[in-house]
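Okay, structure first, notes after.
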Amino acid sequence: MVLLNRLIQNEWMKLFQQRSTWIMIILFACLIVGYALFMTTEAAPSEAYGENWKQQLQEENEQMRTDMEDTPATADYMGEQIRLNEYRIQNNIAPDEFSGWNFVQENRMFVSLISLFSIVIAAGTIANEFRWGSIKLLLIRPVSRTKILASKFITVLLFAMMMLVGLFLLSMALGAIMFGLGTWTEPYLFIQDGEVREMTIMGYSLMQYGFSSVNLLMMVTFAFMISSVFRNSALAIGTAIFLMMTGNSIVTFFSDKAWAKYILFANTDLNQFVRGTPMIPELTMTFSISVLAVYFALFIAASWLVFTKRDVAST
Amino acid sequence: MESIMKLQQVNKTIGSHHVIKDLSFDVYPGEVFGFLGPNGAGKTTTIRMMVGLMSMSSGDIVIDGHSIHKSRKQAMKHIGAIVENPEMYPFMSGWKNLVHFARMTDGVTTERIREVVRLVGLTNRINDKVHKYSLGMRQRLGIAQALLHRPSVLILDEPTNGLDPSGMKEIRAYIRKLAKVENVAVIVSSHILSEMEMMCDRIGVIHNGELINIQSVEEATADADMEVTIEATPISVVERVLREEVEQVMTKNDTCQVVLEKDRIPGITTRLVESNVNVYSIYTQKKTLEDQFLKVIGDGVIE
């Protein structure tokens, strides 16, 4: 009985024996370090609030109110800022300086880069075996094709997870060095359903990373399916990245249609339910998770059907 | 003797093409079975079905009692194969490639991997990346991965393809040794008949997806006519003597050439000596399977 973990070990070995994998990892680490340096030197948010921060916030609010009248486009954002500042004054929560945790939280944007790298790997994992011809040696073992497929998918997920954990830890380390970590119980304020909410900044960061991973998982699974069905990694990378970039526009374009809420990309951003302003008003968290689950099952089923049933003919 | 691999009325249809037609044959332990046919005859398709890369439209293949349909995993345990070229992972060392495939079968130890590496003579280069290997080395690494789990059937698709003459000779000797010493059934495919004659015990000829005949190499050569070249003087006397025995005599300079069965040679030699000619040499050559092969293939048209 060939155990799944031995197959995963194989996939992991093949992944890290390829130079491209290392290039992606090193590039990624360099980007984060570079961004940290940029933040300290160029864009340090130096608005220091002193003893009378309450008065400073009030002045800020006045300023924003006048600005709002001049530029109505930014009204929503400014309105939220004003509400947050008022909340601080009422509840006596002093605005904190930019801490390591803010850095961690901001670095959430790098998750889309992890998606990109994971898509590349998911796209290659099956297609490359066909391109190299090694698929013929891989599938003549006493191991079911289902198991081989599973080992490949799990390996891609493990890679994505490694990158996510790496991003979080590296951001924490850099944040601590560059800005000081402060305390992880530091309250973070955000607006949900028009009301100000409080959360510890660490909890909020973890939640944001978690939500960003949903889109990652869906796109990686999609790329994996294309790789299995068409055995072509370029096609898989291309379509997955194209959809990732244009997903929101697709939803906006069809937003007046009744079926718009069934579009994958209307549901991938679970953060919209925390903010309380979903892209399509009738969406709920439960509905979105169900839709995502159905898409996920479809992608996996298609990959599986083609991979296990189709002949490996001459190349 | 019990067969180790049995093809039972195997058919394969791809689209509207009936690519393999009612293919049935048996392969026995310890023999080298040649699978001969022109390019496009269906050799590789048949091999792909034997190793489970392609499904059969009908029929079954049974390996050591396990149907490839019903118990594929059990059947595959007994098979080692190279399908077309031995395509390994070029970015990994030969050793890592072998470790990779060893993990996919139960009970292949590190010691066994070392043993196989020694067997194919790659010990010195096994830690080099595969993209640095020559074709011959790749072929050997391919054989190594096929042998890791001690299969009872070894399937090699065009094993001497792209090898230099010494490499070919080595592989041939090696295949024979495996069959005789380890009692492995080796199935070799090729489109080159002389290759096959040198290493196979039996040859099955396939053409346009149909098995045309199977015959043992020894049988074929015993029956076959010999081409006899006699160098002697005076040549005119020789020619006259030969004409009494056979229809066609080809005379050229001081030699005569005739085609006859092996057991008639001593008689003719005696007659020549009695006729007082000076015999310098009698040279015989087996007529190869080639004529039969070409006759079978006939037009050579691939449908």
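Nothing in this text is a laboratory measurement; each read-out follows from the coordinates by a stated rule. Predicted, not measured: the structure shown is a model, and the values here were computed from it. Cβ sites come from the backbone with ideal geometry, for glycine too, and all protein chains shown count toward neighbours.
General remarks:
- One chain, two ends: A:T277 and A:Y87. Fully extended at 0.36 nm per residue, the span grows by 66.4 nm beyond their Cα-Cα distance.
- Measuring how big segment B:36-123 is from its alpha-carbon positions, Rg and Dmax come out at 15.6, 44 Å.
- Taking the charge dipole of chain B about its Cα centre, with +1 at Lys and Arg Cβ atoms and -1 at Asp and Glu Cβ atoms, the residue from B:V19, B:I175, B:G40 reaching farthest to the positive side is B:I175.
- The mean sequence separation of alpha-carbon pairs under 8 Å and at least six residues apart, normalised by the residue count of segment B:131-285, gives a relative contact order of 17 percent.
- Where a label projected 7 Å from the Cα of B:E2 along Cα→Cβ would reach, residues of segment B:61-84 with amide N under 15 Å: B:62-67, B:75, B:78
- Extending 7 Å from the Cα toward the beta-carbon at both B:V181 and A:K147 defines two label points whose distance is 3.1 nm.
- Cα convex hull, chain B: 169 Å³ per residue, rounded to a whole number.
- Once the C-beta distance of A:A94 and A:T284 is scaled by a Förster radius of 25 Å, the resulting FRET efficiency is 0.10 to the nearest 0.05.
- Principal-axis tilt of helix A:201-230 within chain A, Cα atoms, nearest 10 degrees: 30
- Computed over segment A:88-179, Kirkwood Rh from alpha-carbon pairs, angstrom: 16.4
- At the listed q of 0.15 Å⁻¹, the Debye profile of chain A, built from one uniform point per Cα, gives log10 I(q)/I(0) equal to -1.27.
- Among A:A160, A:I201, A:F265 the positive-end extreme of the charge dipole of chain A (Cβ point charges): A:A160
- Förster-model FRET efficiency, 60 Å R0, A:T246 and B:Y283, C-beta, rounded to 0.05: 0.15
- For A:T308 and B:S24, the FRET efficiency from 1/(1 + (r/R0)^6), where r spans their Cβ atoms and R0 equals 45 Å, is about 0.95.
- Chain B, helix-only ellipticity at 222 nm - DSSP H runs n ≥ 4, -39,500 (n - 2.57), divided by all residues, nearest 500: -10000 deg cm²/dmol
- Rounded to 10°, Cα long-axis angle of helix B:110-119 versus longest principal axis of chain B: 20
- A dipole drawn for chain B from +1 and -1 charges on Cβ atoms has a positive end, and of B:G136, B:M56, B:Q74 the residue lying farthest that way is B:Q74.
- Between A:E60 and A:M199, the modelled labels are 2.0 nm apart [label points 7 Å from Cα along Cα→Cβ].
- Taking 37 °C and 0.692 mPa s as conditions, the protein assembly as shown diffuses translationally at an estimated 108 µm²/s according to Stokes-Einstein applied to its Kirkwood radius (Cα pairs).
- Between A:D76 and B:N253, the simple spin-label model (points 7 angstrom out along Cα→Cβ) gives 10.0 nm.
- Alpha-carbon Debye profile of segment B:158-214, log10 I(q)/I(0) at 0.21, 0.22, 0.29 Å⁻¹: -0.84, -0.91, -1.27
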